[in-house]
1. For region 261-288, what are the residues that are open to solvent by 40 Å² or more (accessible area, probe 1.4 Å) and at negative phi?
2. Sort out which residues of region 232-249 are closer than 18 Å to M268 by Cβ and open to solvent by 30 Å² or more (accessible area, probe 1.4 Å), and write them in order of number.
3. Tally time: how many residues in region 96-121 are charged (D, E, K, R) and within 16 Å of the ligand (Cβ to nearest atom)?
4. For the subset of region 213-249 comprising residues that are within 10 Å of the ligand (Cβ to nearest atom) and free of Cβ contacts under 8 Å to residues at least 60 places away in the same chain, which member is nearest to the chain's Cα centre (by Cα)?
5. So in region 58-95, with the set limited to residues that are buried (at least 19 other Cβ atoms within 10 Å of the Cβ), polar (S, T, N, Q) and more than 17 Å from M237 (Cβ to Cβ), which one is farthest from the ligand (Cβ to nearest atom)?
6. When K154 is evaluated against the numbered criteria (1) under 18 Å from I8 (Cα atoms); (2) open to solvent by 10 Å² or more (accessible area, probe 1.4 Å); (3) within 16 Å of the ligand (Cβ to nearest atom), which criterion, by number, is the only one it fails?
7. State all residues of region 58-77 that are free of Cβ contacts under 8 Å to residues at least 40 places away in the same chain and either closer than 21 Å to E146 by Cα or touching a strand residue (DSSP E or B) at 6+ places or on another chain (Cβ under 9 Å) (or both); if no residue qualifies, say none.
8. Within region 162-185, is there a residue that is in contact with a helix residue (DSSP H, G or I) (Cβ under 9 Å, 6 or more places away or on another chain), within 13 Å of the ligand (Cβ to nearest atom), in a helix (DSSP H, G or I) and polar (S, T, N, Q)?
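The values are calculated or read from the model by the stated rules, or taken from the named source; none is laboratory data. Bear in mind that the values here come from a model prediction, so they are computed numbers and not experimental data. Cβ placement follows ideal geometry from the backbone for every residue including glycine, while neighbour counts extend to all protein chains displayed. Keep in mind that these areas ignore ligands, DNA and RNA; they rest on the heavy atoms of the full protein, side chains included. Shrake-Rupley method; radii C 1.70, N 1.55, O 1.52, S 1.80 Å.
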Amino acid sequence: MTQKIGFIGLGRMGSPMALNLVRAGYSVTVYNRTPEKTKPLAEAGAAVAGSLAEAASNAEIVFTMVSDSTALQDVVLGPVGLLDSLQPGSVLIDMSTVDPKVSRQVAEAVRARGAYMLDAPVSGSTMLAEQGTLSIMVGGEESVHERVREVLLKMGSRTTHVGPNGAAASLKLAVNIIIGVTMEVLAESVVLAQRAGVAPEIAVEVLSNSAVASPFLKYKAPQLLQPLGPAAFTASMMQKDFTLALQMARETGVPLPATAAANEVLTMARGLGLGDHDFAAVTTVIRQLSGG
Ligand code: NA7
């Protein structure tokens, strides 16, 4: 068992993931920009670092689970970033969803430091993070993936090596456009049925037992009905991923018409002040635009 782990980023996803590592018996040192969020982890037995450098300096594996590409650059490459504190031979595993180009840039800097980097974004939201059943995609050297797989499996039920550095970050965007577009068309479906006189609860129940039933639909059914309740993954975060996917598509010459359309609905959600709500808020957008 690898003993010493640094974990950076205790947001909605990072907190339950770090907690699973603590519960699995690893020696975990956590760091979060907003220190209050470290309290539950400290109570569970994690050590709390006062700086990024402190979180990384003794660790054999350092995890990052932060908002976006800029946050990843800040925590690794920034003026008070952890790069210079990485132990030679240690592994930096970024589990955030970021621009694949930025992921490769960070991997290059980490390699120059004599350490290793994996991009290991996850599929699955907060509930699966709590259960430790995320699906983890891994980019980077296969042998490094093998070295850390046991630790990753404390946060997820499976890991898949998908290619070199940046490959998993790219695949994650390809996965997330399906999630976002599906939510948008579910919103259209439920509001259409509602305007025709069918109660949303009945519509969701029938959809959940129809040919389009899916684990995603079952998982999101409560939020389709109550879009403005607690957020698992915000509309703004989903738009971050759509923007990255559309940019990648432009660079590779792939048309993404459905993603582009669903992205506009996320823009509407943000325009209506719903950016910090769950991305199920697209249902509220369609409902409001259909007359109330
Ligand atoms: P959250 O709940 O918004 O958490 C984001 C985390 O990233 C949180 O710990 C933030 O610290 C941290 N963060 C953001 N910017 C920075 C900078 N510049 N420096 C240091 N730390 C930063 O997001 P989720 O947990 O839902 O999602 C995390 C990733 O998984 C994201 O890429 C998703 O797309 C998938 P804070 O607490 O605000 O101080």
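1. Of all residues in region 261-288, those open to solvent by 40 Å² or more (accessible area, probe 1.4 Å) come to 261, 264, 267-268, 270-273, 276-277, 287-288.
Passing the criteria: A261, E264, T267, M268, R270, G271, L272, D276, H277, R287, Q288.
2. Here is the first cut: in region 232-249, the residues closer than 18 Å to M268 by Cβ are 233-243, 246.
F233, S236, M237, K240, T243 - these are the residues of region 232-249 that are closer than 18 Å to M268 by Cβ and open to solvent by 30 Å² or more (accessible area, probe 1.4 Å).
3. Taking region 96-121 and keeping what is charged (D, E, K, R), we get 99, 101, 104, 108, 111, 113, 119.
Restricting the remaining residues to those that are within 16 Å of the ligand (Cβ to nearest atom) gives 99, 101, 119.
Residues meeting the conditions: 3.
4. Within region 213-249, the subset within 10 Å of the ligand (Cβ to nearest atom) is 231-234, 236-238, 240-241, 244.
Now restrict to residues that are free of Cβ contacts under 8 Å to residues at least 60 places away in the same chain: 234, 236.
Numbers: T234: 11, S236: 12 Å.
My answer is T234.
5. S90
6. Just one mismatch for K154, condition (3).
7. Answer for region 58-77, where residues must be free of Cβ contacts under 8 Å to residues at least 40 places away in the same chain and either closer than 21 Å to E146 by Cα or touching a strand residue (DSSP E or B) at 6+ places or on another chain (Cβ under 9 Å) (or both): L72, V76.
8. So far as region 162-185 goes, yes, one or more of its residues are in contact with a helix residue (DSSP H, G or I) (Cβ under 9 Å, 6 or more places away or on another chain), within 13 Å of the ligand (Cβ to nearest atom), in a helix (DSSP H, G or I) and polar (S, T, N, Q).
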